[in-house]
Amino acid sequence: MKRFLIRLLPFFVWIALLMVALPMVIDPYNVFHWNHLRDNGIEPNKNFLKMEYILHNPDKFDAFLFGSSRVSAIHTDLIEGYRCYNMTYSEGVPREHLENLQVMLEHGICPRMVMIGVDSVSCMVDPEFHKGDRLRCPYPMTNEARRQFYLLYLEPIMAVESLETTLFGVQAVTYDQKIYDVGWNLDYGLISSYDWSQAVGDWTELYANRVLQALEEIRQIKELCDANGIDLIVFTNPMHHLTYEKVMENGYRDFLEGLAQITDYYNFSGINDITINNDNYLETSHYRAELGDRILDAIFKNQVDLHLLEQGFDYKVTSDNCEEFLRNYIDGHNF
């Protein structure tokens with residue numbers, strides 16, 4: 001029996017190696033090939049991929065934009081005076097922005113500026129759900145966390161099942177060198193096939209009211225930036241009015257009010273001529289790159305239509321004017 005088991009040992013070793021090698025070679029989420037992105041037909045774990053790229057290229061950028069996929073339309077490379085990289089990834093939330101910034105600083109990367117685009121995702125998506133989500137699993141901060149991270153992707157069944165998408169799936173967005181050079185992935189002139197007659201607003205079962213936790217995480221980001229001489233710019237994403245109306249019923253107003261007590265921010269959300277115009281959106285969750293340019297022009301060049309400003313678009317909210325802001329532009333529509 002012992003001799004028989006010894007003869008089988010090479011077979012078991014071969015099977016074990018195959019089970020490890022298979023998911024590493026297929027690597028549908030590009031975590032084992034972060035420096036050589038393969039277009040697998042599956043969205044990569046962009047948070048991990050981008051962090052690895054930044055840590056291995058510490059001198060390439062001096063500013064970063066953090067946010068969910070809603071900031072993926074902001075072309076940060078257009079910001080004059082900075083080499084700004086867009087860290088956008090699906091459902092990016094403040095706790096993960098804080099951890100990523102901490103990791104950067106620990107590796108000697110101290111940006112001149114940090115931007116954060118916030119919205120309902122920031123205060124309603126629980127980051128705990130991301131820990132078992134291969135698309136959104138956060139960047140590991142310790143050796144033990146890194147071991148657990150890779151174990152999540154070393155599952156042969158997952159890798160084999162991904163082949164259906166990898167080989168036969170319909171690719172909606174392609175990923176290429178641009179993800180390293182600029183970070184954003186929504187370009188100009190994209191054509192939307194969204195059926196606006198059926199539009200109901202973006203919502204997800206993962207949403208919960210975690211306003212207080214999100215505000216505390218942003219407070220820690222602010223303190224970290226202040227302690228390291230980093231300029232912090234916070235702005236609210238211009239959510240489509242249908243989505244905005246939904247989230248206002250679930251704590252978003254409290255988030256806006258609390259945010260002003262932590263840091264000044266530029267407001268682009270609300271009911272205004274921008275957010276009620278479907279032409280500015282791909283669907284009720286993501287806005288177009290053309291609108292992303294307007295956000296940058298408003299923040300960095302002070303270029304904004306006075307009529308829009310009267311509707312709260314590019315209104316700079318502070319702790320002093322927050323009550324007036326909420327009264328005029330949130331609790332009541334000013335047009």
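The values are calculated or read from the model by the stated rules, or taken from the named source; none is laboratory data. Model, not experiment: these values are computed from the prediction. Note: ideal-geometry Cβ built from the backbone for every residue, glycine included; neighbour counts use all protein chains shown. Note: accessible area is taken over every heavy atom of the protein model, side chains too, but ligands, DNA and RNA are not part of it. Shrake-Rupley method; radii C 1.70, N 1.55, O 1.52, S 1.80 Å.
Brief remarks follow.
- Residue match in the range 141-149 (condition: buried (at least 17 other Cβ atoms within 10 Å of the Cβ) and more than 18 Å from the chain's Cα centre (by Cα)): yes
- Pairs are defined by a Cβ separation below 8 Å, a sequence spacing of at least 6 or placement on different chains, a first member in the range 215-242 that is without any contact (Cβ under 8 Å) to a residue 40 or more places away in the chain, and a second member that is assigned to a strand (DSSP E or B); the pairs so defined are 226/232.
- Long-range neighbours under 6 Å by Cβ, at least six apart or interchain, first residue over 20 Å from residue 92 (Cα atoms) within the range 270-296, second of a type in the set (Ser, Thr, Tyr) and at pLDDT 95 or above: 280/287
- Any chance residue 267 is free of Cβ contacts under 8 Å to residues at least 12 places away in the same chain and closer than 25 Å to residue 231 by Cβ: no
- Residues of the range 82-98 satisfying the condition of being open to solvent by less than 10 Å² (accessible area, probe 1.4 Å) and not in a helix (DSSP H, G or I): 84, 85, 86, 87, 88, 89, 92, 93
- Some residue of the range 188-196 being touching a residue at least 12 places away in the same chain (Cβ under 8 Å) and of a type in the set (D, E, K, R): no
- Qualifying residue in the range 59-81 (condition: farther than 22 Å from residue 295 by Cβ and small (Gly, Ala, Ser)): no
- Selection within the range 99-120: residues that are in a helix (DSSP H, G or I) and open to solvent by 10 Å² or more (accessible area, probe 1.4 Å). The member of this set that is nearest to residue 270 (Cα to Cα) is 99.
- Matching entry among 32, 48, 61, 66 (being touching a helix residue (DSSP H, G or I) at 6+ places or on another chain (Cβ under 8 Å) and surrounded by fewer than 19 Cβ atoms within 10 Å (Cβ to Cβ)): 32
- Residues satisfying the stated conditions in the range 308-335, i.e. open to solvent by 90 Å² or more (accessible area, probe 1.4 Å) and in contact with a Phe, Trp or Tyr (Cβ under 8 Å, 6 or more places away or on another chain): 310, 316
- Selection count where residues are more than 12 Å from residue 325 (Cα to Cα) and open to solvent by less than 20 Å² (accessible area, probe 1.4 Å), scope the range 235-257: 12
- Checked against the criteria, residue 39 counts as under 20 Å from residue 186 (Cβ atoms), surrounded by fewer than 18 Cβ atoms within 10 Å (Cβ to Cβ) and at pLDDT below 95.
- For the range 285-298, the set of residues classified as open to solvent by less than 20 Å² (accessible area, probe 1.4 Å) and either assigned to a helix (DSSP H, G or I) or modelled with pLDDT under 95 (or both) consists of 289, 291, 292, 295, 296, 298, listed by residue number.
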